[in-house]
Amino acid sequence: MTNDNIMKLQTSKKVHYDSGPNMTPMVDVVMVILIFLMLAGSFVGSEHFLVSNIPFSQSGAGDVKVPPGFIPDEPLDIRVDSPTPDQFIATAGQIRTGDEKVLTAALTKMRQNMNKAGKTDDQIQVKIGPGKKVKYRFLVQVYEAALNAGFKKIAFATSH
Amino acid sequence: MPNIREGGVNVTPLIDIVMCLIIFFMLVAKIGIDTGADQRISIPASLQELDIKDMGNTLTLNVVPGPLDQPMITALVGGVVQELKLVDPATGQKPLLNTLKKFRFGHDLKPGGTSDSSDNPEFKVIIRGDEDMGYSYLEPVLITCAQAQVKNVNFNTRKVTQ
């Protein structure tokens, strides 16, 4: 092999031809899409919902005709008052508390006792009866306590 | 073909990461979905974890205390956020009740009917209420939902960590 040929071989090893697509415009576009999605997107996860299938229940018997054979649900009334604007008092039977955890525990016991007495969860109707001035956030706490206690049918009643 | 020498950085890992990020954002981000929810309202907090899957069949009612001890209710109806009064003093109509009935029962506003007047039993209402308002503002909204025979009413809350 001559010196000239060796020289040519070394040069060809150093030079790389740019084969394949030019990635620069694609990277530009992809970055723009990424920045758009990051700025424009609102994300799932900061809010959720308390679900109710029976949102409202009229207090009092009224004059609704009950169909024959109809078995009414076992009512459980929770009265909610607000002695001061920053606190609530929930009263259900013998329980009287302003703490959500205590209320949850007490309602759980009540539900278990009702279950023992032969009433299934579907046959118990919880009615939350708030005063007019009771704040919505306290009602959500009481509602959540009833949900956490395992009740399935929870409704708000007319105010007292 | 001209001789181009390869120089600069290798962009392949960058593209891989950026593509992964794009797919992530496309999956988790909600773009262009307007439920009419008023983000200025301070909603109550709760620990319960529940999300609504079918947001297409819902109507979000923003409820805040209004003048004359009446609630001010707004909702996205027909692509526009508008106020839905309990009773319109000028006409005597009940815009909130009529709107709920329209979603629930179709254009005829009563049970039964077909096509445009067909019932929508799965229709859901989301109440987005101010956490400091009294029950007197919420009560008429719930009564109206009951009158419109909306069975599924959900209370929008914000997540709190224990």
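List the residues, sorted by chain then number, that are 5 or more residues from B:GLY129 or on another chain and whose placed amide H is less than 5 Å from its amide H.
Under 5 Å from the amide H of B:GLY129: B:VAL63, B:ASN156.
If you take every residue apart from B:ASN152 with its C-beta less than 10 Å away from the C-beta of B:ASN152, what net charge results, scoring Lys and Arg +1 and Asp and Glu -1?
Net charge in that neighbourhood comes out at +1.
Given Cα pairs under 8 Å that are at least 6 residues apart, what percent is the relative contact order of the range A:74-157?
Answer for the range A:74-157 is 37 percent.
For every helix of n ≥ 4 consecutive DSSP H residues, a contribution of -39,500 (n - 2.57) applies; sum these over chain B, divide by its total residues, and give [θ] at 222 nm rounded to the nearest 500 deg cm²/dmol.
Estimated from H runs of four or more residues: -8000 deg cm²/dmol.
For the range A:74-157, with only Lys/Arg (+1) and Asp/Glu (-1) charged at the beta-carbon, what is the dipole magnitude about the Cα centre, in debye rounded to 20?
The dipole magnitude comes to about 80 debye.
What distance in nm separates the simple spin-label points at A:GLN112 and B:VAL81, each placed 7 Å from Cα in the Cβ direction?
4.6
Specify which residue in the list B:CYS145, B:LEU97, B:LEU109 is farthest towards the positive end of the charge dipole of the range B:45-159, using unit charges on the beta carbon of Lys, Arg (+1) and Asp, Glu (-1), about the Cα centre.
The one lying farthest along the dipole's positive direction is B:LEU109.
Springs between alpha-carbon atoms under 10 Å, Gaussian network over chain B: tell me which of B:GLN48, B:GLN82, B:GLN147 tops the mean-square fluctuations.
B:GLN48
Taking the Cα-to-Cβ direction at B:VAL160 and at B:LEU47 and moving 7 Å from each Cα, how far apart do the two end points lie in nm?
In this crude label model, B:VAL160 to B:LEU47 measures out at 1.0 nm.
Once you charge only the Cβ atoms, +1 for Lys and Arg and -1 for Asp and Glu, what is the size of the charge dipole of the range B:45-159 about its Cα centre, to the nearest 20 debye?
Using only the charged Cβ atoms, the result is roughly 220 debye.
State the answer as a single residue: which of B:THR157, B:PRO65, B:ILE126 lies farthest towards the positive end of the charge dipole of chain B, with beta carbon charges of +1 for Lys and Arg and -1 for Asp and Glu, about the Cα centre.
In chain B, that residue is B:ILE126.
Can you give me the long-range amide H partners of A:GLU74? Hydrogens built in the peptide plane at 1.01 Å from N, cutoff under 5 Å, separation of 5 or more residues or another chain.
A:ILE124, A:GLN125
When the expected Rg is taken as 2.2 N^0.38 Å, what fraction or multiple of it is the alpha-carbon Rg of the range B:45-159?
Normalised Rg, Cα atoms only: 1.08.
With θ taken as phi - 60° and the coefficients 6.51, -1.76 and 1.60, list the Karplus ³J(HN,Hα) couplings across the range A:89-101 in order, rounded to whole Hz; mark glycine and proline as x.
So the J values, rounded to whole Hz, are 10, 9, 10, 9, x, 8, 7, 8, 8, x, 10, 5, 5.
Through the Karplus equation 6.51 cos²θ - 1.76 cosθ + 1.60, θ set to phi - 60°, convert the phi angles of the range B:78-90 into ³J(HN,Hα) values in whole Hz; use x for Gly and Pro.
Ordered by residue, 3J(HN,Hα) equals x, x, 10, 6, 9, 7, 10, 6, 5, 9, 7, x, 6 Hz.
Lysine pairs in the range B:45-159 with alpha-carbon atoms under 28 Å apart, 8 or more places apart or on different chains: how many are there?
For the range B:45-159, the number of qualifying lysine pairs is 27.
Explain nothing, just compute: Karplus ³J(HN,Hα) = 6.51 cos²θ - 1.76 cosθ + 1.60, θ = phi - 60°, for every residue of the range A:134-149 in order, whole Hz, x for Gly and Pro.
Coupling constants for the range A:134-149: 5, 6, 4, 5, 6, 5, 5, 5, 5, 4, 5, 4, 5, 5, 5, 6 Hz.
Less than 13 Å Cβ to Cβ from B:HIS107, Lys/Arg counted +1 and Asp/Glu -1: what total charge do the surrounding residues give?
Charge balance in the 13 Å sphere: +1.
Considering only DSSP beta bridges with both partners in the range B:59-156, what is the antiparallel share in %, to the nearest 5?
45
Report the relative contact order of the range B:45-159, percent, no decimals, based on alpha-carbon pairs under 8 angstrom and at least 6 residues apart.
Relative contact order comes out at 30 percent.
For B:VAL77, list long-range residues whose amide hydrogen, built 1.01 Å from N in the peptide plane, is under 5 Å from its own amide hydrogen.
Residues meeting the amide H criterion: B:GLN82.
Pick from B:SER115, B:SER42, B:SER136: which residue has the top mean-square fluctuation in a GNM of chain B where Cα pairs under 10 Å get a spring?
Result: B:SER115 has the largest fluctuation of those listed.
Taking the DSSP beta bridges in the range A:74-157 as the whole, what percent of them are antiparallel, to the nearest 5?
Approximately 35 percent, going by the DSSP bridge assignments.
I need A:ILE154, B:ILE126, A:ILE95 ordered by Cβ neighbour count within 10 Å, fewest first.
The fewest-first ordering by Cβ neighbours comes to A:ILE95, B:ILE126, A:ILE154.
For the range B:80-147, what number results from the quotient of the Cα radius of gyration and 2.2 N^0.38 Å?
1.23
We did not get these values from a lab; they are worked out from the coordinates using the rules stated. Keep in mind it's a predicted model, so treat the numbers as computed, not measured. As a convention, Cβ positions derive from the backbone with ideal geometry for all residues, glycine included, and neighbour counts pool all protein chains shown.
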